Amino acid sequence: MRARRVVILGATGSIGRSARQVARNLPDHMEIVGMSAHTNVAELTEAGAEFPNARIVQSNGPDGAEKLIELATMPGADLVLVAIVGTAGLAPALAAIEAGKDLAVASKEILVLAGEIVMAAARRKGVRVLPIDSEHNAIFQCLEGRPPEHVRKLILTCSGGPFRTLPADELEHATPEMALKHPTWSMGRKITIDSATLFNKALEMIEARWLFDVGMDRIDVIIHPQSIVHSIVEFMDRSQLAQLSRSDMCFPIQYAVTYPDRVAGALAPLDLAALGRLEFEAPREDVFPALKLARQAGTAGGAMPAVLNAANEVAVEAFLAGGIPFPKIWELVERAMEAHAPDGSTDLAGLLAADRQAREFTLAQLP
Ligand code: NAD
Ligand code: MG
């Protein structure tokens, strides 16, 4: 098979860096033909020097949105990896699908905002949506194309974040510095805070609902502090399949790039005997209300997941800026969801309007 020609949207982020590492590891399988970055010009220039055949786009100028779409639809690209934090990757992702490109999605926010629309467009165009989020990549590997009728439950594993065992009354004093210390993964700032509130898992529940076409009632979460079992599928016969690897995002990225093949690469082996033990426990749903909010939003459907996501983005930024205490993030999201009056519209314009309103509403709640 010839090398897949890959565009990386968000090439300077944590996922973008791992994707460049995969290209470095597997030059016969992955050729980077395009890269974008928002503000980190120095790193983008450096990446451009390493992959001189790639078209380079800086997306934070006035015509940045158009340039991202041009890059995502460029002739000669097979696969577009969406690794932009937040929802700015939605328009280029939809454009890539229309142009017949396969999609590799790290940006879970775009699937929470508009998963139904993205998946319907991909089905209509006959293109693949390959999940990069480690949990969804694990489920994708366990399913191997099996239909939803074979599945009893999707069980997302969750590290529990830095506050997994912290007494509930101490969360009030959790600082951004404490929340940014993730126990097992090294990631961008936004997703690291999401991992501390468990909104990351909340977003992932809704992401799974659209990627795998199962109802929210069939999506469970289990805490697994070692982040080695990346998720589990329970089938109708009560057999469970899980996928294991070291916690390195190069694994899911390599799988998506070489799919449906599996090739030897440069990734480190997993030594279970050296690890000794893998632990599992139930999440503290009363202490971390994000999971309950996700179930509510996913079950309500319509624009409610968009509201949850938008309010969370605003709240995380406020927390990182030192403007609100940690538990306020949950409260702001809950308030935005309560304030949302569904008008029944589930088209893209309606979802984007709800996203905008939730951002404005949440900004107005800030001290
Ligand atoms: P990051 O903050 O490290 O990088 C974000 C990238 O997006 C950068 O290249 C930046 O230049 C670009 N960017 C930021 N704002 C932009 C905008 N408005 N328009 C265009 N480009 C913009 O983020 P990350 O940790 O790499 O995460 C990226 C996405 O992948 C997120 O949606 C995250 O939830 C998801 N994800 C990340 C990990 C991980 O291990 N980091 C794991 C699973 C899923
Ligand atoms: Mg994940």
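Criterion applied to ASP237, ASP194, ASP213, ASP248 was being within 16 Å of ligand 1 (Cβ to nearest atom), more than 22 Å from GLU285 (Cβ to Cβ) and modelled with pLDDT of 95 or more, and the one residue passing it is ASP248.
Restricting attention to region 120-169 and to residues that are under 30 Å from PHE326 (Cβ atoms) and part of a helix (DSSP H, G or I), the residue that is farthest from ligand 2 (Cβ to nearest atom) turns out to be ASP169.
Highlighted here are the strands (runs of 3 or more DSSP E) found entirely within region 1-102 that include at least 3 residues which are under 22 Å from LEU113 (Cβ atoms): 4-9, 79-82.
Filter region 185-241 down to residues that are small (Gly, Ala, Ser) and surrounded by fewer than 22 Cβ atoms within 10 Å (Cβ to Cβ) and give me whichever is nearest to ligand 2 (Cβ to nearest atom).
First pass over region 185-241, keeping only residues small (Gly, Ala, Ser): 186, 188, 195-196, 202, 208, 215, 227, 231, 239.
So of that shortlist, the ones also surrounded by fewer than 22 Cβ atoms within 10 Å (Cβ to Cβ) come out as 186, 188, 215, 227, 239.
Values: SER186: 13, GLY188: 12, GLY215: 20, SER227: 9, SER239: 24 Å.
Per the criteria, the residue is SER227.
The requirement of being of a type outside the set (Gly, Ala, Ser) and assigned by TED's automatic domain parsing to the domain that holds GLY215 is not satisfied by LEU308. Condition (residue is within 16 Å of ligand 2 (Cβ to nearest atom), among the charged types (D, E, K, R) and closer than 28 Å to PRO305 by Cα) applied to region 102-119: is it met by at least one residue? Yes: one or more hits. Just checking, does region 29-36 include any residue being farther than 26 Å from SER134 by Cβ and either touching a strand residue (DSSP E or B) at 6+ places or on another chain (Cβ under 6 Å) or buried (at least 24 other Cβ atoms within 10 Å of the Cβ) (or both)? Scanning region 29-36, I find no residue that is farther than 26 Å from SER134 by Cβ and either touching a strand residue (DSSP E or B) at 6+ places or on another chain (Cβ under 6 Å) or buried (at least 24 other Cβ atoms within 10 Å of the Cβ) (or both), so the answer is no.
Within the bounds of region 140-154, is there any residue that is within 15 Å of the chain's Cα centre (by Cα), closer than 22 Å to TYR259 by Cα, within 13 Å of ligand 1 (Cβ to nearest atom) and modelled with pLDDT of 95 or more?
Quick first cut of region 140-154, residues within 15 Å of the chain's Cα centre (by Cα) only: 140.
Then keep just the ones that are closer than 22 Å to TYR259 by Cα; that gives 140.
Narrowing further to those that are within 13 Å of ligand 1 (Cβ to nearest atom): none.
Within region 140-154, not a single residue is within 15 Å of the chain's Cα centre (by Cα), closer than 22 Å to TYR259 by Cα, within 13 Å of ligand 1 (Cβ to nearest atom) and modelled with pLDDT of 95 or more.
Restricting region 238-292 to residues that are farther than 17 Å from ILE219 by Cα and of a type in the set (D, E, K, R) leaves a set whose member that is nearest to the chain's Cα centre (by Cα) is ASP248. Figure legend. Inter-residue proximity from region 257-279: first residues in contact (Cβ under 8 Å) with a residue 12 or more places away in the chain, second residues among the polar types (S, T, N, Q) and surrounded by 10 or more Cβ atoms within 10 Å (Cβ to Cβ), beta-carbon distance below 7 Å, spacing 6+ or different chains. Indicated pairs: GLY265/ASN25; GLY265/GLN254; ALA266/ASN25; LEU267/GLN254; LEU270/SER245; LEU275/GLN226; LEU278/GLN226; GLU279/GLN226.
Rundown of residues vs (1) more than 14 Å from ligand 1 (Cβ to nearest atom); (2) more than 27 Å from ILE8 (Cβ to Cβ); (3) outside the structural domain of LEU320 (by TED's automatic domain parsing), yes/no style:
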{"position": "PRO92", "(1), (2), (3)": "no, no, yes"}
{"position": "ASP102", "(1), (2), (3)": "yes, no, yes"}
{"position": "LEU113", "(1), (2), (3)": "no, no, yes"}
{"position": "LYS125", "(1), (2), (3)": "yes, no, yes"}
{"position": "ARG128", "(1), (2), (3)": "yes, no, yes"}
{"position": "ARG164", "(1), (2), (3)": "yes, yes, yes"}
{"position": "GLU170", "(1), (2), (3)": "yes, yes, yes"}
{"position": "SER186", "(1), (2), (3)": "no, no, yes"}
{"position": "LYS190", "(1), (2), (3)": "no, no, yes"}
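Looking at ALA138, ALA168, can you tell me which residue is touching a residue at least 24 places away in the same chain (Cβ under 8 Å), surrounded by fewer than 17 Cβ atoms within 10 Å (Cβ to Cβ) and among the hydrophobic types (A, V, I, L, M, F, W, C)?
So the residue among ALA138, ALA168 that is touching a residue at least 24 places away in the same chain (Cβ under 8 Å), surrounded by fewer than 17 Cβ atoms within 10 Å (Cβ to Cβ) and among the hydrophobic types (A, V, I, L, M, F, W, C) is ALA168.
The values are calculated or read from the model by the stated rules, or taken from the named source; none is laboratory data. A quick note: this is a predicted structure, and the numbers were derived from the prediction, not measured. Every residue, glycine among them, receives a Cβ derived from its backbone with ideal geometry; neighbour counts consider all protein chains shown.
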